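The values are calculated or read from the model by the stated rules, or taken from the named source; none is laboratory data. Bear in mind the structure is a predicted one, so any value in this text is a computation, not a measurement. All Cβ positions, even for glycine, are placed from backbone atoms using ideal geometry, and neighbour counts span all protein chains on display. Accessible surface areas use protein heavy atoms only, side chains included; no ligands, DNA or RNA. Shrake-Rupley method; radii C 1.70, N 1.55, O 1.52, S 1.80 Å.
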Amino acid sequence: MLTIQKLIKEYRHPNGETIIAADIRELSVGQGEQLALAGPSGCGKTTLLHLIAGLASPTSGEIRWDGERIDSWPERKRDAWRAGNVGYIFQSFNLLPGLDVTENILVAAALGGRKPDAGQHRWTDEMLARVGLAERARHRPSRLSMGEQQRVAVIRALINSPRLILADEPTASLDRDNAAIILELLQALCREKGSMLILASHDRDVTARFERLHELKRPGRNPV
Amino acid sequence: MILWLIAWRNLWAKPLQNLLTVAVVATALAMTVLVMLVAASVHYGLVRATEPFDLLVGAKGSPNQLVLNTVFLQDAPIGNIDYAIAAELAASPLVDTAIAMGFGDNYRGYRLVGTEPALFEHRGKAGQPPWLQIDQGRPFQAPFEAVLGAKTAKETGLKLGGQFVSSHGVVAGGETHAGHAYTVVGILRPVGGPYDQAILTSLQSIWQAHSHEPEPKAQAAVSPADGADDDDDDHDHGATAVLVKPKGYAEALRLYQQFQKDRRAQLVFPSQVVANLFALLGQGEKALSLIGYSVLAMALLLVSFSMYWSSLSRTRDRAILRAVGASWTDIFWIILAEGVLVVWSGVLAGVLAGHGLFSLLTALLQQKTGIAFAGPFPLAEAYAVAGALLVGLLAAVIPAWSVARRSIAENLEA
């Protein structure tokens, strides 16, 4: 269970002005639940995902995971938690250019002092076959189309069977057909793994596919 | 393992830039290593070549020339001293052995050394095996019998029983001593010094080859001293140098004092002459070493900056890794591994290139001088290599720390 209360993230602009990047009164998501975060550009969707993943620290408020305040954890503990519990999907795929498709997926299973097991190797092969990329397993990301790269990114996010998947505008760079394929894949895999899915998107067609929608407003004006 | 794989793949993502960095480090270190090796090995080779020569007595003139000619078989002989001096030295209570040597002839550029059979018993130090040892055949006994140095035998193709005719002077092409053919009776084991390219024979052979022959003034070590008559009987009883083994260090000093007053000849300590030469050359060697160190330091500084900027330009890749599960220490180790792989590869390539060039250079020098330049590796090289490895490590640690501690969120694209 993820619960967020009175969460604020502020940035100090070089001109001295304080900018509120995120302001969330309350939010809770249960295990296996799929939630869409909607809202206009600049409403803090990305910042909220960063805060949940522990990639940034909130200015105030709290984020709890199974009752524990993860925002107050030291960086090392947050790193370990993220490595074991969180899968992250970006709008721009963010595959590592030096690694091939299989390595890009398995790297998430190998970081944090772990080693991919035989099951993860097998699962990767099965997933690549399922999304039609079996022949591309040894290709570098630069040789894949954008839709193919995002399919790889989805598989990478799920390699560790994380309890939480954070997806930040995962279809924004894709055409309609590819977007539908990716969303279907992501939602299906999260269901199969029992993972919690929080997806941020400004696209109403995307958010409409989710049973639960959470609207964010521009911070400081109309906090949730 | 995954960290090394990521580091390795990151390096190959920009092969030209990284290979250039490796080349810069390798070139700088190769230069430094080459200078150090050459300095140390030349010193070692020359000093080692002087070991069998405790003291040398020869004609008045340049001590350097006397040593170069007698020990290194280079340069022209100064001139002759009376053989009587060798006899006096042999009878001296201060002297263990005194072996006369005569130079001035060659066969195809390989110098003939007229000497005495006692040379085959001569030892560099007490307890050591004889300096010159017969590998095939026997020592010379009669006039016009010759024993070839190992390299001379190999390069001239002369074998036991083979015959040759010597010529005047110390370089090939002089007037031949027709009618005085030498017979090869022995071949020496390699000594790793100039005498590998010598031809040993008896002094009498040299004297007889020159008897009743008009001598060219230059390059004729067994020619008479200035003003002497070519037909004088004493003419043939000259020697270019006397190799003296004193009974001890104190005796050596007393001999030196005696010869300070002697108008007929000079006595030199070959090792001292070589040391003096090195004292002169040492300034140049120091300057070269300083240049080498400076180039290395500049190269490492350049590489450090290059690595720093390169790592800063790839903060997004690091942020992605953090987002997919890497800890900041993982990022630190990846960047560190990249830096270490580049700089240490450069160091390895530099050491190999330095030693490769050194081997080529010493092979050429050995071919020319016969001196074996291989010696123990200089400690300075170990310091330079260790320094380069350490600086490489530090150059990698700084960007690794800086990038690993950067904010992830601001480097992640939505």
### Summary
Only one of (1) part of a strand (DSSP E or B); (2) open to solvent by 50 Å² or more (accessible area, probe 1.4 Å); (3) within 30 Å of B:Pro376 (Cα to Cα) does not apply to B:Asp75, and that is (1)
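Return yes or no: is B:Gly356 more than 14 Å from chain A (Cβ to nearest Cβ), without any contact (Cβ under 8 Å) to a residue 12 or more places away in the chain and open to solvent by less than 50 Å² (accessible area, probe 1.4 Å)? Quick ask: steps written out before the conclusion?
Details: more than 14 Å from chain A (Cβ to nearest Cβ): yes; without any contact (Cβ under 8 Å) to a residue 12 or more places away in the chain: yes; open to solvent by less than 50 Å² (accessible area, probe 1.4 Å): yes.
In short, yes.
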### Query
Listed residues B:Tyr293, B:Tyr249; which is free of Cβ contacts under 8 Å to residues at least 40 places away in the same chain, more than 14 Å from chain A (Cβ to nearest Cβ) and over 30 Å from A:Ile105 (Cα atoms)?
B:Tyr249
### Query
Which one is nearest to B:Asn69 (Cα to Cα) among residues in the range B:151-175 that are within 27 Å of the chain's Cα centre (by Cα) and either among the polar types (S, T, N, Q) or modelled with pLDDT under 90 (or both)?
B:Val170
### Message
Checking B:Met298 against (1) within 26 Å of B:Ala382 (Cβ to Cβ); (2) buried (at least 17 other Cβ atoms within 10 Å of the Cβ): exactly one of these is not met. Which one?
### Response
(2)
### Summary
Filtering the range A:131-190 for residues that are under 18 Å from A:Gly87 (Cβ atoms) and in contact with a Gly (Cβ under 6 Å, 6 or more places away or on another chain) leaves a count of 4
### Message
open to solvent by 20 Å² or more (accessible area, probe 1.4 Å), without any contact (Cβ under 8 Å) to a residue 60 or more places away in the chain, within 14 Å of chain A (Cβ to nearest Cβ) and among the hydroxyl-bearing types (Ser, Thr, Tyr): is that true of B:Ser313 in this structure?
### Response
yes
### Task
Return yes or no: is B:Ala178 open to solvent by 70 Å² or more (accessible area, probe 1.4 Å), modelled with pLDDT under 90 and farther than 22 Å from B:Gln208 by Cα?
no
### Query
Which one is surrounded by the most Cβ atoms within 10 Å (Cβ to Cβ) among residues in the range B:301-310 that are of a type outside the set (Phe, Trp, Tyr) and closer than 18 Å to B:Asn10 by Cα?
B:Val303
### Message
Return the residues of the range B:90-142 that are part of a strand (DSSP E or B), in contact with a helix residue (DSSP H, G or I) (Cβ under 9 Å, 6 or more places away or on another chain) and open to solvent by 10 Å² or more (accessible area, probe 1.4 Å); say none if nothing qualifies.
### Response
B:Asp96, B:Thr97, B:Ala98, B:Tyr107, B:Tyr110, B:Arg111, B:Ile134, B:Asp135, B:Gln136
### Message
Could you list, ordered by first residue, the pairs with Cβ atoms under 8 Å in which the first is in the range B:325-342 and within 11 Å of chain A (Cβ to nearest Cβ) and modelled with pLDDT under 90 and the second is open to solvent by 20 Å² or more (accessible area, probe 1.4 Å) and outside any helix (DSSP H, G or I), at least 6 apart or interchain?
### Response
B:Gly325/A:Gly112; B:Gly325/A:Asn160; B:Ala326/A:Gly112; B:Ser327/A:Gly112; B:Trp328/B:Arg405; B:Asp330/A:Gly112
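Output the strands (runs of 3 or more DSSP E) that fall wholly within the range A:7-82 and possess 1 or more residues being in contact (Cβ under 8 Å) with a residue 60 or more places away in the chain, away from chain B (no Cβ under 14 Å) and among the aromatic types (Phe, Trp, Tyr), or say none.
Values: elements: A:18-29, A:34-38, A:60-65.
In the range A:7-82, the matching strands (runs of 3 or more DSSP E) lie at A:60-65.
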### Task
Report whether or not A:Glu17 is at pLDDT 90 or above and open to solvent by 30 Å² or more (accessible area, probe 1.4 Å).
no
### Query
Within the range A:63-121, can you find the residues that are open to solvent by less than 50 Å² (accessible area, probe 1.4 Å), more than 17 Å from the chain's Cα centre (by Cα) and of a type in the set (S, T, N, Q)?
A:Thr102, A:Gln120
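Could you say which residue among B:Val33, B:Val47 is over 30 Å from B:Gln258 (Cα atoms), outside any loop (DSSP other than H, G, I, E, B) and under 22 Å from the mean Cα position of the chain (by Cα)?
Working: B:Val47 fails: over 30 Å from B:Gln258 (Cα atoms).
Of B:Val33, B:Val47, the one residue that is over 30 Å from B:Gln258 (Cα atoms), outside any loop (DSSP other than H, G, I, E, B) and under 22 Å from the mean Cα position of the chain (by Cα) is B:Val33.
Please state which one of B:Ala380, B:Ala363, B:Ala319, B:Ala400 is in a helix (DSSP H, G or I) and free of Cβ contacts under 8 Å to residues at least 60 places away in the same chain.
On the way: B:Ala380 fails: free of Cβ contacts under 8 Å to residues at least 60 places away in the same chain; B:Ala319 fails: free of Cβ contacts under 8 Å to residues at least 60 places away in the same chain; B:Ala400 fails: free of Cβ contacts under 8 Å to residues at least 60 places away in the same chain.
Exactly one of B:Ala380, B:Ala363, B:Ala319, B:Ala400 is in a helix (DSSP H, G or I) and free of Cβ contacts under 8 Å to residues at least 60 places away in the same chain, namely B:Ala363.
For the range B:58-67, enumerate the residues that are surrounded by 21 or more Cβ atoms within 10 Å (Cβ to Cβ) and assigned to a helix (DSSP H, G or I).
At the first step, the residues of the range B:58-67 found to be surrounded by 21 or more Cβ atoms within 10 Å (Cβ to Cβ) are B:58-59, B:66-67.
Those that are surrounded by 21 or more Cβ atoms within 10 Å (Cβ to Cβ) and assigned to a helix (DSSP H, G or I): B:Leu66, B:Val67.
Are any of the residues in the range A:98-120 in contact (Cβ under 8 Å) with a residue 60 or more places away in the chain and either within 9 Å of chain B (Cβ to nearest Cβ) or of a type in the set (S, T, N, Q) (or both)? Reasoning before the result, please.
So in the range A:98-120, the residues in contact (Cβ under 8 Å) with a residue 60 or more places away in the chain come out as none.
No, every residue in the range A:98-120 fails to be in contact (Cβ under 8 Å) with a residue 60 or more places away in the chain and either within 9 Å of chain B (Cβ to nearest Cβ) or of a type in the set (S, T, N, Q) (or both).
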### Message
Checking B:Ala287 against (1) more than 14 Å from chain A (Cβ to nearest Cβ); (2) without any contact (Cβ under 8 Å) to a residue 12 or more places away in the chain; (3) open to solvent by less than 10 Å² (accessible area, probe 1.4 Å), only one condition comes out false. Which one?
### Response
(3)
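Keeping to the range A:158-194, report how many residues are of a type in the set (A, V, I, L, M, F, W, C) and open to solvent by 10 Å² or more (accessible area, probe 1.4 Å).
Our first condition is that a residue be of a type in the set (A, V, I, L, M, F, W, C); within the range A:158-194, this holds for A:158-159, A:164-167, A:172, A:174, A:179-183, A:185-186, A:188-190.
Right, trim to open to solvent by 10 Å² or more (accessible area, probe 1.4 Å) and you get A:172, A:174, A:179-181, A:185, A:188.
Residues flagged as of a type in the set (A, V, I, L, M, F, W, C) and open to solvent by 10 Å² or more (accessible area, probe 1.4 Å) within the range A:158-194 amount to 7.
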